[in-house]
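K.L.:
Submitted below is the structure of interest, expressed as structure tokens.
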Amino acid sequence: MKKILFIITTTILFSIGSFSQNVNTNILSKLEGIWVGKGTAMSAASNVTMEWGKTLGNKFHKITYKMLISFNGSEQSFEGMGLYKFMKDGTYEGTWFDSGGEMHAIKSNHDGKILTSFWGKPGEKYGKTEYEFIDESTIEVRDATQNKDGGWRTFATSRLSKK
């Protein structure tokens, strides 16, 4: 009887863990592909291309991000790349690198609709990026930094469609 109870308990716990990992994997899988669209960055018009995919033996998800910002008739380019890894507690951790020469640790979570990635260090340069699914082929990306009072100031918003 103890052996049967052990097998049932182990099976249930394994199933719960697998379900949690599948839900989390599905969030990143929904992001996989190329996304393009328009938005604003620092009050200027922007064109954005974002691509998500698996990399390094499918152990990580990689994001590449490119934004062309129009300032008074000229364009400025911003590019970034990040790697995300699923953690056993259902969150993600990673690292972000960008053309501004910055590198930030990433800690992310999701609620099934919005993936929220916190980057940097609280009390120093600290921000968040939210990836909100509007529908299956539309996503809104919002970037914000944290003020000294703890509030958030959005500096870029884009609406992207999946190609």
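The values are calculated or read from the model by the stated rules, or taken from the named source; none is laboratory data. Everything numeric here is computed off the predicted structure, so don't read it as measured data. FYI the Cβ positions are ideal-geometry reconstructions off the backbone, even for glycines, and counts take in every protein chain you see. In case anyone asks, the SASA skips ligands and DNA or RNA and just uses the protein heavy atoms, side chains included. Shrake-Rupley method; radii C 1.70, N 1.55, O 1.52, S 1.80 Å.
K.L.:
Say whether the condition of being part of a strand (DSSP E or B), over 17 Å from the mean Cα position of the chain (by Cα), β-branched (Val, Ile, Thr) and at pLDDT 90 or above is met by at least one residue in segment 41-57.
P.N.:
Step one: of segment 41-57, the residues part of a strand (DSSP E or B) are 41, 44-55.
Among the residues that remain, those that are also over 17 Å from the mean Cα position of the chain (by Cα) are: 41, 44-47.
Next, only the ones that are β-branched (Val, Ile, Thr) stay: none.
No, because not a single residue in segment 41-57 is part of a strand (DSSP E or B), over 17 Å from the mean Cα position of the chain (by Cα), β-branched (Val, Ile, Thr) and at pLDDT 90 or above.
K.L.:
Considering only residues that are free of Cβ contacts under 8 Å to residues at least 60 places away in the same chain and surrounded by fewer than 13 Cβ atoms within 10 Å (Cβ to Cβ), which ones fall in segment 104-135?
P.N.:
Of all residues in segment 104-135, those free of Cβ contacts under 8 Å to residues at least 60 places away in the same chain come to 104-109, 111, 113-114, 116-130, 132, 134-135.
Passing the criteria: 105, 111, 113, 121, 122, 123, 124, 125, 134, 135.
K.L.:
Here are the criteria: (1) touching a residue at least 60 places away in the same chain (Cβ under 8 Å); (2) on the phi < 0 side of the Ramachandran plot; (3) open to solvent by 50 Å² or more (accessible area, probe 1.4 Å). Tell me which single one residue 42 does not satisfy.
P.N.:
With respect to (1) touching a residue at least 60 places away in the same chain (Cβ under 8 Å); (2) on the phi < 0 side of the Ramachandran plot; (3) open to solvent by 50 Å² or more (accessible area, probe 1.4 Å), residue 42 is out only on (2).
K.L.:
Right, something else. If I filter segment 136-163 down to residues being touching an Asp or Glu at 6+ places or on another chain (Cβ under 6 Å) and touching a residue at least 24 places away in the same chain (Cβ under 8 Å), which single residue comes out as most open to solvent (accessible area, probe 1.4 Å)?
P.N.:
As a first pass, look at segment 136-163 and keep what is touching an Asp or Glu at 6+ places or on another chain (Cβ under 6 Å): 140, 142, 155-156, 159.
In the following step, the residues that additionally are touching a residue at least 24 places away in the same chain (Cβ under 8 Å) were identified as 155-156, 159.
Working: 155: 57, 156: 4, 159: 119 Å².
Among them, the one singled out is 159.
K.L.:
Do we have any residue at all in segment 87-96 that's at pLDDT 95 or above and of a type in the set (Lys, Arg)?
P.N.:
For segment 87-96, residues at pLDDT 95 or above and of a type in the set (Lys, Arg): absent.
K.L.:
Now for a different question. Within segment 24-39, track down each residue that is open to solvent by 10 Å² or more (accessible area, probe 1.4 Å) and in a strand (DSSP E or B).
P.N.:
Scanning segment 24-39 gives 33, 34, 36, 37, 38, 39.
K.L.:
What pairs come out if I take residues in segment 54-75 that are within 15 Å of residue 41 (Cα to Cα) and pair them with residues that are of a type in the set (Ser, Thr, Tyr) whose C-beta lies under 6 Å away, six or more apart or interchain?
P.N.:
That search, which allows pairs on different chains as well, returns 66/49; 67/46; 68/77; 69/46.
K.L.:
Restricting attention to segment 65-85, which residues are open to solvent by less than 50 Å² (accessible area, probe 1.4 Å) and under 14 Å from the mean Cα position of the chain (by Cα)?
P.N.:
Within segment 65-85, 65, 80, 82, 83, 84 meet the criteria.
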